[in-house]
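Structure first, then comments.
The values are calculated or read from the model by the stated rules, or taken from the named source; none is laboratory data. These numbers come from a predicted model, not from an experiment. Every residue, glycine as well, gets a Cβ built from its backbone with ideal geometry; the counts of neighbours run over all protein chains shown. These accessible areas exclude ligands, DNA and RNA; they are computed on the full protein's heavy atoms, side chains included. Shrake-Rupley method; radii C 1.70, N 1.55, O 1.52, S 1.80 Å.
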Amino acid sequence: MCPNCDDFARTVLLLGQLALYGDTEGADFDFIEIVGASLAASLPEPPPGTFPPGFDPNSGPPYPG
């Protein structure tokens, strides 16, 4: 197993749990914004084989805003 696989999977799981928390009543959106940005920034490189060969994440449409 690759060295980043566990970290990548754990970070993606935490981002998913944070998204679910955001749908709960009384969620703290300041917390979600801060922790979500930190988790996204700490996301390691995806494990090999996550994307097809030749995939370029920068080749899509421009991000709106």
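Across region 42-48, computed HN-Hα scalar couplings (Karplus, 6.51 cos²θ - 1.76 cosθ + 1.60, θ = phi - 60°) run 8, 4, x, 4, x, x, x Hz from first to last residue, x flagging Gly and Pro. Computed from Cα atoms, the angle from the helix 5-22 axis to the main principal axis of the chain rounds to 30 degrees. Taking packing as the residue-averaged number of other Cβ atoms within 10 angstrom, the listed peptides 47-53, 14-20 run from highest to lowest as 14-20, 47-53. A simple count of charges around LEU13, restricted to other residues whose Cβ falls under 13 Å of its Cβ and scoring Lys, Arg +1 and Asp, Glu -1, yields -1. Taken along the Cα-to-beta-carbon direction at a fixed 7 Å, the label points for VAL35 and PHE55 span 2.7 nm.
Computed from point charges on the beta carbon alone (+1 for Lys and Arg, -1 for Asp and Glu), the dipole magnitude for the chain about its Cα centre is near 240 Debye. Per residue, the Cα convex hull of the chain amounts to 119 Å³.
Projecting the Cα atoms of PHE29, PRO52, ALA9 onto the charge dipole of the chain, computed from C-beta unit charges around the Cα centre, puts PRO52 farthest toward the positive end.
In the full protein context, region 1-55 carries 77 Å² of accessible surface per residue, based on a 1.4 Å probe and ignoring ligands, DNA and RNA. Between ASP6 and TYR21, the contour length at 0.36 nm per residue exceeds the alpha carbon distance by 3.2 nm.
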